Amino acid sequence: MRDNITMQCTECKERNYTTTKNKKTVTGRLELKKFCNRCRKHTPHKESK
Ligand SMILES: [Zn+2]
């Protein structure tokens with residue numbers, strides 16, 4: 001079972017990426033460093049529903 005999730009910039013709160021995760025293997029909230037178009041730099045992105 002993979003759930004679609006949205007990755008949200010932690011600085012400007014823009015939702016920039018969507019991905020999927022396997023709830024059985026991934027616990028807790030995902031955090032990835034991604035390029036944010038609004039911040040125009042790499043920022044940490046966190047999972048948001
Ligand atoms: Zn941003």
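The values are calculated or read from the model by the stated rules, or taken from the named source; none is laboratory data. Because the structure is predicted, anything quoted here is derived from the model rather than measured. Note: ideal-geometry Cβ built from the backbone for every residue, glycine included; neighbour counts use all protein chains shown.
Scanning the stretch 1-19 for residues that are farther than 10 Å from residue 48 by Cα, out of contact with any Lys or Arg (no Cβ under 8 Å at 6 or more places or on another chain) and in contact (Cβ under 8 Å) with a residue 24 or more places away in the chain turns up just one, 11. Counting the residues of the stretch 14-49 that are surrounded by 11 or more Cβ atoms within 10 Å (Cβ to Cβ), of a type in the set (Lys, Arg) and over 13 Å from residue 3 (Cβ atoms) gives 4.
The set of residues in the chain that are at pLDDT below 95 and in contact with a Cys (Cβ under 6 Å, 6 or more places away or on another chain) is empty.
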